[in-house]
1. What are the pairs, 6+ residues apart or on separate chains, where a residue within segment 27-52 that is over 20 Å from Thr75 (Cβ atoms) has its Cβ under 7 Å from a residue that is modelled with pLDDT of 95 or more and acidic (Asp, Glu)?
2. Yes or no: segment 117-125 includes at least one residue that is surrounded by 14 or more Cβ atoms within 10 Å (Cβ to Cβ), more than 13 Å from Ile4 (Cβ to Cβ) and either modelled with pLDDT under 95 or not assigned by TED's automatic domain parsing to the domain that holds Gly53 (or both).
3. What are the residues in segment 1-25 that are at pLDDT below 95, assigned to a strand (DSSP E or B) and not acidic (Asp, Glu), if any?
4. Among the residues of segment 137-144, is any surrounded by 12 or more Cβ atoms within 10 Å (Cβ to Cβ), at negative phi, outside any loop (DSSP other than H, G, I, E, B) and at pLDDT 95 or above?
5. Quick one: count up the residues across segment 31-61 that are assigned to a loop (DSSP other than H, G, I, E, B) and basic (Lys, Arg).
6. What is the one condition in (1) modelled with pLDDT of 95 or more; (2) farther than 29 Å from Gln41 by Cα; (3) not β-branched (Val, Ile, Thr) that Leu131 does not satisfy?
7. I'd like the full set of residues that are assigned to a loop (DSSP other than H, G, I, E, B) and small (Gly, Ala, Ser), limited to segment 75-107.
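The values are calculated or read from the model by the stated rules, or taken from the named source; none is laboratory data. In this text the structure is predicted, and so the values were computed from the model without any measurement. Because the Cβ atoms are built from the backbone with ideal geometry, glycine has one as well, and the counts that use them run over all protein chains shown.
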Amino acid sequence: MDVIAIVVHPSSPVKNLTLDQLRSIYMGKTTDWSEVGGQKQPIVAVVREKNSGTRGAFNELALDNQEPAAPATQTAVTAGDVAAAVANNPAAIGYVGFGNLESSIRAVAIEGTLPSEETAQSGAYRLVRPLFLLAGPLTQPLALTFVDFTLGAEGQQIVKTNGWVPVK
């Protein structure tokens with residue numbers, strides 16, 4: 001599973017947002033941090049580029065399949081670029097995959113729940129997308145061996161070590 005973490009600058013006083021508040025920020029209805037418990041300053045919404053799978057999942061899960069419409073939007077190519085943009089701007093908000101959380105940014109709780117392996121697996125944290133490995137009747141035996149490996153104990157440990165949430 002991929003867990004999409006909403007991130008802010010570490011100095012931000014905002015620790016929790018509702019899904020409605022998050023949607024309102026990215027849709028351009030909420031434009032100042034003071035409207036959601038922060039200091040009075042315009043919000044800079046950082047998004048991934050249009051062909052990003054994380055952006056597609058964020059738009060689906062957080063924006064009801066709409067494109068962001070915030071007036072002050074900054075586009076980043078990679079999750080690392082999102083993290084850097086947020087780390088360098090106290091007015092910024094962005095989203096990264098759980099494996100891209102770093103000490104220069106801080107995750108915000110959504111509906112009172114922080115992203116974690118446990119909250120993703122339990123369903124308590126709602127910004128989660130499944131990642132699939134597909135195999136069918138025409139799949140080569142080597143591919144099936146790979147799928148079996150990834151679902152085994154060693155494969156699931158590798159998944160976890162690399163910042164993804166294991167399915168088992």
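1. Close Cβ pairs satisfying both conditions: Lys40/Asp32; Gln41/Asp32.
2. Pass one, segment 117-125, residues surrounded by 14 or more Cβ atoms within 10 Å (Cβ to Cβ): 117, 119-121, 124-125.
Then drop every residue that is not more than 13 Å from Ile4 (Cβ to Cβ), which leaves 117, 121, 124.
Cutting the leftovers down to either modelled with pLDDT under 95 or not assigned by TED's automatic domain parsing to the domain that holds Gly53 (or both) gives us 117, 121.
Scanning segment 117-125 turns up at least one residue that is surrounded by 14 or more Cβ atoms within 10 Å (Cβ to Cβ), more than 13 Å from Ile4 (Cβ to Cβ) and either modelled with pLDDT under 95 or not assigned by TED's automatic domain parsing to the domain that holds Gly53 (or both).
3. Of the residues in segment 1-25, the ones at pLDDT below 95 are 1-3.
Filter once more, keeping what is assigned to a strand (DSSP E or B): 2-3.
Correct list: Val3 only.
4. Step one: list which residues in segment 137-144 are surrounded by 12 or more Cβ atoms within 10 Å (Cβ to Cβ), which gives 139, 143-144.
Filter once more, so that each one left must be at negative phi: 139, 143-144.
Adding the requirement that they be outside any loop (DSSP other than H, G, I, E, B) leaves 143-144.
Filter again for at pLDDT 95 or above, leaving none.
No, every residue in segment 137-144 fails to be surrounded by 12 or more Cβ atoms within 10 Å (Cβ to Cβ), at negative phi, outside any loop (DSSP other than H, G, I, E, B) and at pLDDT 95 or above.
5. So the first thing to find is which residues in segment 31-61 are assigned to a loop (DSSP other than H, G, I, E, B), and the list is 31, 37-41, 43, 49-52.
Then keep just the ones that are basic (Lys, Arg); that gives 40, 50.
Residues in segment 31-61 being assigned to a loop (DSSP other than H, G, I, E, B) and basic (Lys, Arg): 2 in total.
6. Leu131 satisfies all of (1) modelled with pLDDT of 95 or more; (2) farther than 29 Å from Gln41 by Cα; (3) not β-branched (Val, Ile, Thr) except (1).
7. Narrowing segment 75-107 to residues assigned to a loop (DSSP other than H, G, I, E, B): 77-78, 88-91, 101-105.
Result: Ala91, Ser103, Ser104.
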